[in-house]
Every structure is written in structure tokens, then in C-alpha cells.
Amino acid sequence: MLKHKDHFHGSDLEKIEELYGIRKEDIVSFSANVNPLGISPKMRSALIEHIDVITSYPDREYTALRSRIGEYTGAPTRNILVGNGSTELISLFIQMEHPKKALILGPTYSEYEREISLGGGTSLYYPLKEENDFILDVEDFKRHLNEALDLLVICNPNNPTSTSVTQKDMRRILDECKRHDIFVIVDETYVEFAPDMDAIDSVPLTRYYNNLVILRGVSKFFASPGLRLGYAITGNMDLLKDINAHKDPWTVGSLAAAAGELMFTDAEYIKKTRELISGERTRIYQELSSWDSLKVYRPAANFILARIEKEGITADDLFDHAIQKGLMIRNCSTFPFLDNRYFRFCFMLPEQNTALLKCLKEML
Ligand SMILES: Cc1ncc(COP(=O)(O)O)c(C=O)c1O
């Protein structure tokens, strides 16, 4: 069996190719959390007609794109800022807030901590508790908020736990943060996959709280990680002004802007994606819940976290077994608070999911 020290990110297909000798075209990535339907058909057919947009600079204000995002999210156009993936926006907002001490709800995506430490700040984690199935205990959490903190980061639904915080609970958290003058970043990269998106979407709260920014992107739901398009929504106009003065111009290319203008209006594709993910999420959660060899946590996003309960089997073993069949899952041992028993995978097409379940069952 091949042994590796590295753990692979969903985008590390080249590394896998090299280490395992499997062509990247033959790998089904259950670790990238990308919509298995591929890109919006409406965008695919119309984008080619817009190819000449690359002969000019994008509109510095991205007015048309922001207006489409406004219609899609329900936020006023003036409250929207676009960026080179949500990654650029995570970086920009953290740089502007320049936190000395930040609190991150974990285990979660590692980029927040990296950005905070690049700016010389310290990150503390509030751990979601396994015994609560990684569901946030809001009252206990509120007791950990205080004046010493200047930034809070929440990924909702959270990667990798796939748990979510309701809009109602988010309000309670925001009220407490307001009292202590804590700025809040909510990363909603996975929110459109949620079963009841309206119940957890915090965009409407940007009208009432000026200590809040919501970050989203098109990499996952719209299956376009190569496009590098993200957006931020905040009601804090002073902050937006500062960021606009500080950020580089044109970080979203004209082709990405044109693609964005098209994809947000593809209602049929959006509906189809939500239906597919919803059906597979229910089916897979039910199936895995019946296995004694696993503990699974009820997912709100397009992926599920599981803990191996069978003696002698680790997430490394499962990864190795699945990758030999071209199925790539995510070993979660590198996330804070998780260990070598945890793995995550996203929901792909039904037959691919069935193949993965069969493959996992061989070891579990
Ligand atoms: C929670 C979360 N936020 C942000 C990103 C990065 O998104 P983007 O491609 O929009 O920069 C990822 C990618 O894995 C993610 O999981």
C-alpha cells in the first residue's frame, strides 16, 4: 500500500496523479465540494458570444455583474463588492479589519487563520463539540465573546462539519458581537446547497448590522473554481469605501464578469442542482447512519463528515483504498480538533455516489 505524509486538498489532482499514477481525468473528486452537474448550460452556450469582452478592461465598478448578484441574493447593488474568488475577499476583509485577536468557529477552513496570522494577529478557536454533533451551542458560545476580540469568523454551513447556524441564532451572535465591538465575517460559500437556505442565509441581516460581511463565491455551487469569482455583501458603506480605495482594480477578469452575469440568471440549473444535492444528501445520510462502523453528522451542505468507529481502520486507509478506484475523499485529520478517524466527501452524481458507498463498505 502506498503511504503518504501529505493530505490532499480537493484541488490537488496533479499531486495524486504523480503519487498514485492515476490520470487526473480518471479521478472523481469527492473532496473538492464542487457541483457535479458542471457549469450552467445557459452560461456555456452564451459565453462564447461574449469572448470579445477580453479585448477591453472590465468595468471598474462591475455595475452589471453586481446588479445580477443583487437580484440573485436580494441585496442592494451598492452593498456588493466582487473579488477574485472568495479567497481574495477573505484576505481583503481580514487585512482591512487587521485583527489583533480573532475568534474562529472550528474545525473549519484553514484560510482564515492563515490570513489572520499573515497580518500579525492571533487566532483562537471556539471548538464545535463532537458530543453535540458539531452543532453550535449559542448560549455557551456567546459567553466566550468579549472586548479582547476584534474579529469573529463563522463558516456557514461549515466546512468540514456540514453543520449550520440559523439566521435567528446568527442574530443573537451579532447582537452580542455588536456589544463588544467585534466585526463578523460569515463565509457562505456553501449556503445555496442548504435544505432550507432562507433559514440560514445571513444576507438579509446586512441591512441591520454594520459589523457584518457575508462572503460567497461561484466555485462550488456554480462549479466554476477556475473562474475565480467571489462576492462580498455588507451594509457597512465606510468599510466598502476603504476596501475599494485599497484593493487592486480589475481583479475579476472581463470573461469571469460576463460568466457571472449569465450564471446567476440560470434558474433551471439552480433548481436542478438544489434538487440533486437534496436527494443525494438524504439518501447518503440515511444509508451511512445505518452503518455501525461509522458515525455521521447530519449535513446541511453538499458534503458530509464521518467518523470511523471500526477498530484498526483510519482515514488514511480509506483514502488509499478509494483512490485506487479513482475515488478521492478528504482525510480530515489536518483540521483542528479532528483526527485520523474523520473523513469528508461531497455528493456527486447518483451512480458515482453509489460507487463510493460500495467502496467504503468494502473496508467498513
Ligand atoms: C469555506 C470555504 N471558503 C472559501 C473557499 C475558497 O473559495 P473560492 O474558490 O471562492 O476562493 C473554500 C474552498 O474550498 C471553502 O471551502
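What the table below lists for this structure:
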item	result
Residue, surrounded by the fewest Cβ atoms within 10 Å (Cβ to Cβ), within region 334-344, restricted to residues that are touching a strand residue (DSSP E or B) at 6+ places or on another chain (Cβ under 6 Å) and either without any contact (Cβ under 8 Å) to a residue 24 or more places away in the chain or of a type outside the set (Lys, Arg) (or both)	PRO336
Test result for ASN146, surrounded by fewer than 19 Cβ atoms within 10 Å (Cβ to Cβ) and either in the same structural domain as LEU124 (by TED's automatic domain parsing) or within 13 Å of the ligand (Cβ to nearest atom) (or both)	yes
Selection within region 61-102 - in contact with a Lys or Arg (Cβ under 9 Å, 6 or more places away or on another chain), part of a strand (DSSP E or B) and either more than 23 Å from GLY226 (Cα to Cα) or away from the ligand (no atom under 13 Å from the Cβ) (or both)	ILE80, LEU81
Scope region 284-315; condition touching a residue at least 40 places away in the same chain (Cβ under 8 Å) and touching a Ser or Thr at 6+ places or on another chain (Cβ under 9 Å); matching residues	TYR297, ARG298, PRO299, ALA300, ALA301, ASN302, PHE303, ILE304, LEU305, ILE308, LYS310, ILE313
Residue list for region 328-345, filter: part of a loop (DSSP other than H, G, I, E, B) and out of contact with any Pro (no Cβ under 8 Å at 6 or more places or on another chain)	ILE329, SER333, THR334, ASP339, ASN340, ARG341
Check on GLN286, among the polar types (S, T, N, Q), at pLDDT below 95 and surrounded by fewer than 19 Cβ atoms within 10 Å (Cβ to Cβ)	no
Top-ranked residue in region 263-283 [being touching a residue at least 40 places away in the same chain (Cβ under 8 Å) and polar (S, T, N, Q); ranked as nearest to ASN156 (Cα to Cα)]	SER278
From ILE308, ILE313, ILE323, residue being β-branched (Val, Ile, Thr) and under 20 Å from ALA32 (Cβ atoms)	ILE323
Among the candidates TYR72, TYR62, residue that is of a type in the set (Phe, Trp, Tyr) and either in contact with an Asp or Glu (Cβ under 9 Å, 6 or more places away or on another chain) or at positive phi (or both)	TYR62
Helices (runs of 4 or more DSSP H) contained in region 203-304 and holding at least 2 residues under 30 Å from LEU357 (Cβ atoms)	267-289
Top-ranked residue of region 204-230 - restricted to ones that are away from the ligand (no atom under 16 Å from the Cβ) and touching a strand residue (DSSP E or B) at 6+ places or on another chain (Cβ under 7 Å), ranked as nearest to LEU105 (Cα to Cα)	LEU212
Qualifying residue in region 198-207 (condition: touching a helix residue (DSSP H, G or I) at 6+ places or on another chain (Cβ under 8 Å), small (Gly, Ala, Ser), at pLDDT 95 or above and not assigned by TED's automatic domain parsing to the domain that holds ASN331)	yes
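The values are calculated or read from the model by the stated rules, or taken from the named source; none is laboratory data. The structure presented is a predicted model; accordingly, all values stated were derived computationally and were not measured. Note that each Cβ is placed from the backbone with ideal geometry, even for glycine, and that neighbours are counted across all protein chains shown.
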